[in-house]
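Trainee: Below is the structure I would like to discuss, written out as structure tokens.
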Amino acid sequence: MHLDFDSAWPAELGDLPRLNLTAWGPRLRFITRPVDIEKLARNVLRTLEDSSMRFVVYGSGDFHHLSALWLRRFVQEPLELISFDNHPDWDIRPPRWGCGAWLNRALEFSPNLRRASVWGLGNFEYWWPGRLFAPRGHLASGRLEVHPWSRPGLFQRRLRSAAMQPETWPARFEAFARELRDRRVYVTIDLDCLTTEDAVTNWEQGRFRRADLVWALATLRAAGANVVGGDLCGAWSEPRYARRFQRFAARMDHPNLPPMDLAQARDVNVRAFAELWPALTGA
């Protein structure tokens, strides 16, 4: 199903049914209040459950914290979460509900979420000093693991052994996929993990190509992982906020990007959707 919060995608997107949630968008964008999250959950999760929709596509990466909601439908049984993202989304600082901290909400919700694995980090938040705001308990327990791209720098030496190299990451991912044989898996994709040639987003972008993600999703299924659900977000949209604090915090945190043309951004992102959606859903 296409959950339309911000008109990031065309109203007609493939053959997907569209749920118009644009009235909710400004309240939920970037950061939001727990009361709004629960109101949305009561409305939208029932719709998804009644329609048996296991995969959703929705707006900008500013809404990625909603993945913690979509996961609620699947954690009644043991589940593995895989996130393809340029950001760790693990921040322990307030506010509680925001696109930069949603993995903490997902891990708190149910012990049945065995592990969250983030692939493709290129953002500075993984490295020092951003790592000071990581959830050390989840990392130490193994419930949260991250696979960043390598980067140079004196202060990164201790972490570099965990980093991915362009020529070696496929072998690492294949070994990871083999661990997931017969396990229930949920996959979330934020388009900002892709290069600027392959997607247009509201954030700094990563180093994956579209073909890399298509290969990774096929590798998961070939290894015997049971992909029970997933979501795709991250397309660029014009920011609109309901509250002044949202607007202020978002301006402080977002990169200073050049002006975007919505039609051109959609054209690039729809091409990404056309490749990634069948690979995600197994269609």
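Trainee: How many of the residues in segment 216-261 are surrounded by 15 or more Cβ atoms within 10 Å (Cβ to Cβ) and aromatic (Phe, Trp, Tyr)?
Mentor: Total meeting the criteria: 2.
Trainee: To continue, here is another question. Please specify each residue of segment 97-121 satisfying the condition of being farther than 18 Å from Ser141 by Cα and either touching a Pro at 6+ places or on another chain (Cβ under 7 Å) or of a type in the set (D, E, K, R) (or both).
Mentor: Residues satisfying the conditions are Trp97, Leu121.
Trainee: In addition: Any residue that is surrounded by fewer than 19 Cβ atoms within 10 Å (Cβ to Cβ), over 16 Å from the mean Cα position of the chain (by Cα), assigned to a helix (DSSP H, G or I) and in contact (Cβ under 8 Å) with a residue 40 or more places away in the chain - is there at least one of those in segment 8-23?
Mentor: Among the residues of segment 8-23, not one is surrounded by fewer than 19 Cβ atoms within 10 Å (Cβ to Cβ), over 16 Å from the mean Cα position of the chain (by Cα), assigned to a helix (DSSP H, G or I) and in contact (Cβ under 8 Å) with a residue 40 or more places away in the chain, which makes the answer no.
Trainee: Let me ask something additional. Being closer than 19 Å to Leu213 by Cβ and hydrophobic (A, V, I, L, M, F, W, C) narrows it down to one residue among Leu262, Leu276; which is it? Let's see the steps before the verdict.
Mentor: On the way: Leu262 fails: closer than 19 Å to Leu213 by Cβ.
Only one candidate qualifies: Leu276.
Trainee: Right, Ser83: within 21 Å of Arg42 (Cα to Cα), touching a residue at least 24 places away in the same chain (Cβ under 8 Å) and among the polar types (S, T, N, Q) or not? Reasoning before the result, please.
Mentor: On the way: within 21 Å of Arg42 (Cα to Cα): no; touching a residue at least 24 places away in the same chain (Cβ under 8 Å): yes; among the polar types (S, T, N, Q): yes.
When the stated conditions are applied, Ser83 does not pass them.
Trainee: Enumerate the pairs (first residue in segment 57-77 and in contact (Cβ under 8 Å) with a residue 24 or more places away in the chain and farther than 18 Å from His87 by Cβ; second residue anywhere and of a type in the set (Phe, Trp, Tyr) and in a loop (DSSP other than H, G, I, E, B)) with beta-carbon separation below 8 Å, excluding pairs fewer than 6 apart on the same chain, so at least 6 apart or on different chains.
Mentor: Val57/Trp9
Trainee: Pick from segment 125-156 the residues that are in a helix (DSSP H, G or I) and either over 19 Å from Asn104 (Cβ atoms) or among the acidic types (Asp, Glu) (or both): which of them is modelled with the highest pLDDT?
Mentor: Taking segment 125-156 and keeping what is in a helix (DSSP H, G or I), we get 125-126, 130-133, 136-141, 154-156.
From what is left, the residues that are either over 19 Å from Asn104 (Cβ atoms) or among the acidic types (Asp, Glu) (or both) are 125, 154-156.
Values: Glu125: 77, Leu154: 43, Phe155: 48, Gln156: 50.
It comes out as Glu125.
Trainee: Here's something else I'd like to know. Those residues that are buried (at least 20 other Cβ atoms within 10 Å of the Cβ) and part of a helix (DSSP H, G or I), I need them from segment 106-124; list them, please.
Mentor: Ala106, Leu107, listed by residue number.
Trainee: Here's a follow-up. Which number in (1) under 16 Å from the mean Cα position of the chain (by Cα); (2) not in a helix (DSSP H, G or I) marks the one condition that Pro95 misses?
Mentor: (1)
The values are calculated or read from the model by the stated rules, or taken from the named source; none is laboratory data. It should be emphasised that the depicted structure is a prediction, and the values quoted were computed from it without experimental measurement. Here the Cβ is made from the backbone with ideal geometry for all residues, glycine too, and neighbour counts use every protein chain on show.
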